[in-house]
Amino acid sequence: MKILIYIILGILQGFTEPLPISSSGHLFLFKSIFNTDLASDLNLEIFTNFGSFIAIFIIFFPDIVRLIKSFFSYIFNKDKRNKFQSDFKYCLLIIIGSIPVAIAGVLFKETLENILNNIKILGFTFLITALSLLIVKNKEGNKKDQDITYLDAIIIGIFQMIALCPGISRSGFVLVACLLRGLKRDTALKYTFMLYFPVSIASMGMGILDLLKTNVSNTLLISYLMASICAGIVTYFSYKWLSSLVKKGKLWKFSIYCLILAIFIFIYFR
């Protein structure tokens, strides 16, 4: 039964990670409804996040390789800087957009989680996600990758920082910020998930350090691996679905789901 629950949690993580509906909020809701601490298992969180990370890494692998090569080529190959200038700037935009959440993650993440670790507050944060997605229902900017400014990166980064709150979707809130700043839908989607990598790598790095300090039984390790594999597979297809909806301008449909979820929480946990 425990292995089955881990698999279900892996699928839940994989499905909700790329979608603008808050994976952390869903895990907290699962824990509250079924009264199980398995959803709060930090080791499980590390493994499922790693599965989701690998899936999204595979999707963006060509972009990541190109950006890394361009970044170092710009630094060490002065004669051909013009060739790599656009990609180098994009790398800087990723770094700048990641700074606010990095600062908040180090200074306030634990405090935020303690304050917001309340199921009724989760209802309000899901409501915030719903309203924000509704605001950008008809938004379609014209900025491409090369048109993103450093000010855009800072503002979008602040939105990502706010999304540290459980129930406020990171991908959703960042997408909203990108669209409000006038980015094209496909450009917004790409930048949103480029900002995902630094955050994910940092959180996984800290999690792995904690994991190395604990003894995990072989049976439990199998459960974690199963959950990780399920999370990765489901994340891959979940992202593809999100990509299709964003490009069609149907991101607002997730606002209906988050609104229903918020109403459910207010009624069920009254």
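From Asp63, Asp87, grab the single residue that is more than 15 Å from the chain's Cα centre (by Cα), surrounded by fewer than 18 Cβ atoms within 10 Å (Cβ to Cβ), of a type in the set (D, E, K, R) and within 21 Å of Leu189 (Cβ to Cβ). Matching residue, one of Asp63, Asp87: Asp63.
Counting the residues of the stretch 207-240 that are free of Cβ contacts under 8 Å to residues at least 60 places away in the same chain and either farther than 18 Å from Gln13 by Cβ or aromatic (Phe, Trp, Tyr) (or both) gives 8.
Trp241 passes every criterion in (1) surrounded by fewer than 17 Cβ atoms within 10 Å (Cβ to Cβ); (2) more than 25 Å from Ile135 (Cβ to Cβ); (3) among the hydrophobic types (A, V, I, L, M, F, W, C); (4) at pLDDT 95 or above apart from (2). Restricting Ser217, Ser171 to residues that are under 24 Å from Thr48 (Cβ atoms), surrounded by fewer than 23 Cβ atoms within 10 Å (Cβ to Cβ) and not aromatic (Phe, Trp, Tyr) narrows the list to Ser217. Among the residues examined, Phe72 does not qualify as touching a Gly at 6+ places or on another chain (Cβ under 7 Å) and among the aromatic types (Phe, Trp, Tyr). Remark: pairs (first residue in the stretch 82-110, hydroxyl-bearing (Ser, Thr, Tyr); second residue not in a helix (DSSP H, G or I); Cβ separation under 7 Å; 6+ apart in sequence or on different chains) = Ser98/Leu195. Is it the case that Asn35 is loosely packed, with under 15 Cβ neighbours inside 10 Å and under 24 Å from Cys165 (Cβ atoms)? When the stated conditions are applied, Asn35 passes them.
No other residue among Gly167, Gly157 is in contact (Cβ under 8 Å) with a residue 40 or more places away in the chain, in contact with a Gly (Cβ under 6 Å, 6 or more places away or on another chain) and either polar (S, T, N, Q) or under 24 Å from Ile263 (Cβ atoms) (or both) apart from Gly167.
Taking only the stretch 250-270 into account, find how many residues are touching a helix residue (DSSP H, G or I) at 6+ places or on another chain (Cβ under 7 Å) and touching a residue at least 60 places away in the same chain (Cβ under 8 Å). Qualifying residue count, the stretch 250-270: 11. Between Gly167, Gly123, the distinction of being touching a helix residue (DSSP H, G or I) at 6+ places or on another chain (Cβ under 8 Å), over 12 Å from Ile96 (Cα atoms) and outside any helix (DSSP H, G or I) belongs to Gly167 only. Would you pick out the residues in the stretch 18-60 that are assigned to a loop (DSSP other than H, G, I, E, B) and more than 14 Å from the chain's Cα centre (by Cα)? Hits for the stretch 18-60 are Asn35, Thr36, Asp37, Asp41, Phe60. Whenever a residue of the stretch 175-199 is on the phi > 0 side of the Ramachandran plot and assigned to a helix (DSSP H, G or I), it has no partner that is surrounded by 24 or more Cβ atoms within 10 Å (Cβ to Cβ) and modelled with pLDDT under 95 lying with C-beta atoms less than 6 angstrom away and at least six residues away or across chains. Number of residues in the stretch 129-156 that are closer than 24 Å to His26 by Cβ and in a helix (DSSP H, G or I): the value is 8. Of the listed requirements (1) surrounded by fewer than 22 Cβ atoms within 10 Å (Cβ to Cβ); (2) modelled with pLDDT of 90 or more, Asn43 misses just one: (2).
The values are calculated or read from the model by the stated rules, or taken from the named source; none is laboratory data. Because the structure is a prediction, the values reported are computed rather than measured. Because the Cβ atoms are built from the backbone with ideal geometry, glycine has one as well, and the counts that use them run over all protein chains shown.
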